[in-house]
1. Within region A:156-173, is there a residue that is out of contact with any strand residue (DSSP E or B) (no Cβ under 6 Å at 6 or more places or on another chain), under 30 Å from B:Asn123 (Cα atoms) and away from chain B (no Cβ under 11 Å)?
2. Which number in (1) surrounded by fewer than 24 Cβ atoms within 10 Å (Cβ to Cβ); (2) more than 11 Å from chain C (Cβ to nearest Cβ) marks the one condition that D:Ile117 misses?
3. Show me the helices (runs of 4 or more DSSP H) entirely contained within region B:59-110 in which 2 or more residues are open to solvent by 10 Å² or more (accessible area, probe 1.4 Å) and not basic (Lys, Arg).
4. Taking region D:14-42 as the region of interest, how many residues are open to solvent by 20 Å² or more (accessible area, probe 1.4 Å) and either touching a residue at least 12 places away in the same chain (Cβ under 8 Å) or among the hydroxyl-bearing types (Ser, Thr, Tyr) (or both)?
5. Looking at region D:124-138, which of its residues are free of Cβ contacts under 8 Å to residues at least 60 places away in the same chain and open to solvent by less than 20 Å² (accessible area, probe 1.4 Å)?
6. Residue by residue through region B:139-153, note down the ones that are in a loop (DSSP other than H, G, I, E, B) and either facing another protein chain (nearest Cβ under 10 Å) or open to solvent by 10 Å² or more (accessible area, probe 1.4 Å) (or both).
7. Give region C:1-18 a look and list any residue that's over 14 Å from C:Leu177 (Cβ atoms) and among the aliphatic types (A, V, I, L, M), or say none.
8. Can you report the number of residues in region D:62-106 which are more than 10 Å from chain C (Cβ to nearest Cβ), touching a residue at least 12 places away in the same chain (Cβ under 8 Å) and not basic (Lys, Arg)?
Number of protein chains: 4
Amino acid sequence: MSIAILHGSTREDGNTEELAKLVLEGIPHTEIKLRDKTILPIHDQRHDEGGFDAVDDDYDGIIRQVLEHDVLIFTTPVYWYGISGILKNFIDRWSQSLRAPDYDLKAILAKKKAYVITVGGDNPRIKALPLIQQLKYTFDYVGLPFEGYIIGKASRPGDMKKDSRAAVEAAWLNAELKSLV
Amino acid sequence: MSIAILHGSTREDGNTEELAKLVLEGIPHTEIKLRDKTILPIHDQRHDEGGFDAVDDDYDGIIRQVLEHDVLIFTTPVYWYGISGILKNFIDRWSQSLRAPDYDLKAILAKKKAYVITVGGDNPRIKALPLIQQLKYTFDYVGLPFEGYIIGKASRPGDMKKDSRAAVEAAWLNAELKSLV
Amino acid sequence: MSIAILHGSTREDGNTEELAKLVLEGIPHTEIKLRDKTILPIHDQRHDEGGFDAVDDDYDGIIRQVLEHDVLIFTTPVYWYGISGILKNFIDRWSQSLRAPDYDLKAILAKKKAYVITVGGDNPRIKALPLIQQLKYTFDYVGLPFEGYIIGKASRPGDMKKDSRAAVEAAWLNAELKSLV
Amino acid sequence: MSIAILHGSTREDGNTEELAKLVLEGIPHTEIKLRDKTILPIHDQRHDEGGFDAVDDDYDGIIRQVLEHDVLIFTTPVYWYGISGILKNFIDRWSQSLRAPDYDLKAILAKKKAYVITVGGDNPRIKALPLIQQLKYTFDYVGLPFEGYIIGKASRPGDMKKDSRAAVEAAWLNAELKSLV
């Protein structure tokens, strides 16, 4: 059972990654930081005769790496009540992967488990719910089982340790993941 | 009363812009297509000592142009149950504008009116509701009055004209905007 | 093609029924006003050995009448951001109908079409969205196709005629229903 | 610091009350079971000249009892993706309390804290989110601070103890409440 964690934060060692560390404490995993990669926004060519043009960026390498793992953890700070732009660009490109000639995205994702970790500063346990609902629809569309999510509350650097509730939820998920491994 | 329409679609003459055309028929407006611009993802430096670094892309020019208008219409296809990545990147950068030394984003936006036009292929009148809720929270945060939205259903090129309901809603909004002008 | 409209309002000739009149203008239909009936809250006996006790109220008669129609229109004012208590009690009792020995609720509902008309006073096009999402889940659970909804804005008696947008949507649905009949 | 817990379940010792017991272990509180009371659905007379007629049931006694406490915990099983009909009827009647001549509902509620405990069988951590959003809007309307919620997953009697995540969240809330008392 291998785990990939895909970070959507644009800040090094921010609160979202702080919370993710609690979740993954003592668990081997592959870490992917989208901020260190270049992923261009999708250009919708679903209806072009020739389909999507190849794009010269890091997307293909990342999606292939992600698909090699059994458990996918998506982390994102709550940016304007949604996932971060860099994570959105990554997910938007799935439209391209759905048409990849050499792998079947839905068939592969159906065998995995997804978790979401998100942290926001403005009442996230209420105002991040549309973000969760959006990811639920997204995962449903590709057949990826959505196993759970943790919403944390933090804004300034260091705030994460004040959210005792997120900490107990992270400890719970840590145990859950260990039982899978 | 001046109107700016900000397009989040990545396809020329797609369904979302088709619907927007109905809304704006016979109404002077400024059209901004994000796909023709370069807007980098935000790099969260809210907590850096020096604040945000200047970014060399089209964002500043666009936000200044947007802010000169009284009515702001945001259009986006439903991409993975959210706004498109290019529109998300634009909105994410508002965090930077909130700290701009030479204008007061909230004070300016408070005097405007916002509308949203979004079109999706997968049951959008249900599955685009989290997208609407996110934008509501977003507009509330900056104090921008959210005056209304239209959700259309279309997927392939040309589908838009089959959505008779979106057409009557577009006609209604057209009349509404004309009454403002 | 027969139509039943089930009113969840507790006020005679309120705004929700005003809007429903526009929708059904010139269309034969059966009208059921829950406020004129007695429907007790469910007593959850799903896990009792003997199942649900028979309840001496109007529920059975109403559900049987509803099930005889092809199109079901549910109307409710937005009460505290949800459907009215009397409509909620009616729907809660579906748990009992799911176990009825003499009819198969899901099989029957799968062949029908459902519409929802709801009217609220406090920004309903945003704040009634959870109500719509809740009914979507409800209809999905029993396999009832959810064909559309109209959200109107009105508070005081007579307000309904000020909502020109709801009026065009009602006219659209009126035409849609006529095309079905 | 006094605590009232208001149960919306219709089943004795069901899963929701099981979870509530974990939350309140060792904490003095007043327990109110709506299923043992009679609360009639609201009759909307907001716009009647004389206002609301007095209603001969248990509502007035319960609301007065509730208002004497500092912390209000609402519990409800997820019935058809919403709160139970008996809890909905109780909340619907707040419209009447808003017009009570001898107390100021909003002023009183503003000084309290509300928590919600809800348990459902069908993917509640996703499908009960509209329920949470409705209650958020409801509490906002009356100015009652919404301090937190726990969503549990259980269906058959005894299922509650299988939800280890709800258990850690309940333990967290138990500690939180003890720190208030």
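1. So far as region A:156-173 goes, no, none of its residues is out of contact with any strand residue (DSSP E or B) (no Cβ under 6 Å at 6 or more places or on another chain), under 30 Å from B:Asn123 (Cα atoms) and away from chain B (no Cβ under 11 Å).
2. (1)
3. Ranges flagged: B:59-67, B:94-97, B:105-109.
4. Taking region D:14-42 and keeping what is open to solvent by 20 Å² or more (accessible area, probe 1.4 Å), we get D:18, D:21-22, D:25-26, D:28-31, D:33, D:35-41.
Narrowing further to those that are either touching a residue at least 12 places away in the same chain (Cβ under 8 Å) or among the hydroxyl-bearing types (Ser, Thr, Tyr) (or both): D:18, D:22, D:25-26, D:28-31, D:33, D:35, D:37-41.
The number of residues fulfilling the criteria is 15.
5. Hits for region D:124-138 are D:Pro124, D:Ile126, D:Ala128, D:Leu129, D:Pro130, D:Leu131, D:Ile132, D:Gln133, D:Gln134, D:Thr138.
6. Scanning region B:139-153 gives B:Gly143, B:Pro145.
7. Scanning region C:1-18 gives a single hit, C:Leu6.
8. Counting residues in region D:62-106 that are more than 10 Å from chain C (Cβ to nearest Cβ), touching a residue at least 12 places away in the same chain (Cβ under 8 Å) and not basic (Lys, Arg) gives 19.
The values are calculated or read from the model by the stated rules, or taken from the named source; none is laboratory data. Predicted model, so just to flag it, every value in this text is computed and none were measured. As a convention, Cβ positions derive from the backbone with ideal geometry for all residues, glycine included, and neighbour counts pool all protein chains shown. These area figures cover heavy atoms from the full protein model, side chains too; ligands, DNA and RNA do not enter into them. Shrake-Rupley method; radii C 1.70, N 1.55, O 1.52, S 1.80 Å.
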